[in-house]
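Working notes, beginning with the structure itself.
Read-outs: derived from the displayed coordinates by stated rules, not from any lab. Here the structure is a predicted model, which is why all the values come from computation and not from measurement. Every residue, glycine among them, receives a Cβ derived from its backbone with ideal geometry; neighbour counts consider all protein chains shown.
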Amino acid sequence: MPAAWPSVRDLMSTDPVTLPHDAPIAKALGLMRTRGLHEVPVLRNARLAGMITAESIARRPRGPLSTKVEHLLVLPPLVTPSTPLPEVAAQLMATGLRATPVVGRRGELLGVISRTDLVRALKNAPAVTRATVESVASPASVVVREDDEVRHLLGQIRLLEEHPLPVVDRKGHLVGAVGVSDLVGVLWRPIVGGKRDARAARSALDVEVGSIMHSPAITVPAGTPASDAASIMLREGISSVFVVEGGRPTGVVGQADLLGLVVGGGQAPAPGGGVEDVFVEITGLRGSADPAMLADIDHIVATGLRRIAKHLRPKLLTIHFAPHATHRAGDLTVEARLHTDVGIFYASHTGWNLMAGVAGLLDELGEQARRARDNQRLGNRARRQAGADATLFVDAELEAKIRTASGADEGD
């Protein structure tokens, strides 16, 4: 129940690392590396100005390290001490941030709440203990070979910020993982004579991924409870684990996937109602995507969810776009996972037409929802019939005993 969830006040860190607005990026990188951070709040006159993130730095690898952090700020969601856990989980998932500031009434910084804080609080929640890793994992649709050049990672920065990518050898076996912090570490070099070494920056893109990855990657087999995966993340201080079969990565379970189990709990519409409260997460699209295209995707998703809501109660829909960089036709794979009140449904589509892919996904999910509702109704009908049959059987048996007793009385 939503009332049972803790609020941000109970979970946040009250002594966060911060930076002034005029600090150089070099200082931000130093803090991120030594403290293992992906985001750092930035203050101007003791008020929150925004956040500097590893992703925002990685997106601009050509600038000098003396650039002020205020030029790369990201505006975080508004979170207060009274915000409940499911709501802040939705905020982090919507923005792709791993942590966000907690502010007071006057905009003063009170602390920071992170995905790790939320996972620690929900690892024993019923929704997490009931799930298995393969039921919540994102497909390992994008893998990197250890002999690929680092430059190939630049097109996957957004996905890298969500979770590390699996690194495989020539046989497809998992040998390590690479995240956005690994990429930032090679794109930005120490200051030499007050300037960045441009030649070193160019050569950094030519090195192999295997030289910057972290190894070994933390793995779990299929069938592992999601709560165990959460415990491993907390114990190892990592944000994701890989699901493997036969040494090959089949999926990745990140903190965001675990948060998805509680987002929308108790907030979804009833069957046949609206879909305004359904949480939708779309990943894999470039930040420069055409606004008109995004509007079209939003319309397709909203229409599909309204059809699904006639059968089941949708809670969370995640859609991921995975371009095929090696396809000459520019194909991409669109994958979707839909959380409902009766279970989780999956769909996938590969082709060159992005809009047709999204529409096909929603149609497939709608058909799965219809079948699930029909099966549920048939099951309910069968149980009711079985109960009626049992009642008839008991009544018949009782009637026979009464008749027998009555006959014996008449004989006496």
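A Cβ-based charge dipole, computed about the Cα centre of segment 2-113 with Lys and Arg at +1 and Asp and Glu at -1, lands at about 360 debye. Sorting the segments 340-349, 115-124 by their residues' average number of neighbouring beta-carbon atoms within 10 angstrom, most packed first, yields 115-124, 340-349.
DSSP bridge analysis restricted to segment 17-107 gives an antiparallel fraction near 80%, rounded to the nearest 5. Rounded to the nearest Hz, the phi-derived 3J(HN,Hα) couplings of segment 129-143 under the Karplus curve 6.51 cos²θ - 1.76 cosθ + 1.60 (θ = phi - 60°) are 5, 7, 8, 10, 4, 6, 7, 10, 5, 7, x, 7, 6, 10, 10, where x marks glycine and proline. Mean projected area of the Cα convex hull of segment 80-142, taken over all directions, amounts to 5.4 nm².
Most exposed first by the Cβ proxy, i.e. fewest other Cβ within 10 Å, how do Thr53, Thr14 rank? Numbers along the way, then the final one.
Numbers: Thr53 27, Thr14 11.
Least to most surrounded, the residues fall as Thr14, Thr53.
Based on the Cβ-Cβ distance of Thr129 and Ala292, what FRET efficiency does E = 1/(1 + (r/R0)^6) give at R0 = 51 Å, to the nearest 0.05? The pair Thr129/Ala292 has a calculated efficiency of 0.75. When only the Cβ of Lys, Arg, Asp and Glu is charged (+1, +1, -1, -1), the dipole of segment 50-145 relative to its Cα centre reaches about 240 debye. Mind listing the long-range amide H neighbours of Ala49? Cut-off is under 5 Å, sequence gap 5 or more, other chains count too, H placed in the peptide plane at 1.01 Å from N. Long-range HN contacts for Ala49: Val42, Leu43, Arg44.
Amide H to amide H, with H built 1.01 Å from N, Ala23 comes under 5 Å of Val69, Glu70, counting only residues 5 or more places away or on other chains. Normalised by 2.2 N^0.38 Å, with N the number of residues, the alpha-carbon radius of gyration of segment 2-113 equals 1.07. Summing +1 for each Lys or Arg and -1 for each Asp or Glu among the other residues whose beta-carbon sits under 15 angstrom from that of Asp169 gives 0.
Scanning residues 5 or more positions from Thr132 or on other chains, those with amide H under 5 Å from its amide H are Ala226, with H placed 1.01 Å from N in the peptide plane.
If you add up the charges near Met233, with Lys and Arg at +1 and Asp and Glu at -1, over every other residue whose beta carbon is less than 11 angstrom from its beta carbon, what do you get? Present the calculation step by step, with values, prior to reporting the outcome.
Values: positive: Arg115, Arg120, Lys123, Arg235; negative: Asp228, Glu236, Asp257.
Taking every other residue near Met233 into account, the sum is +1.
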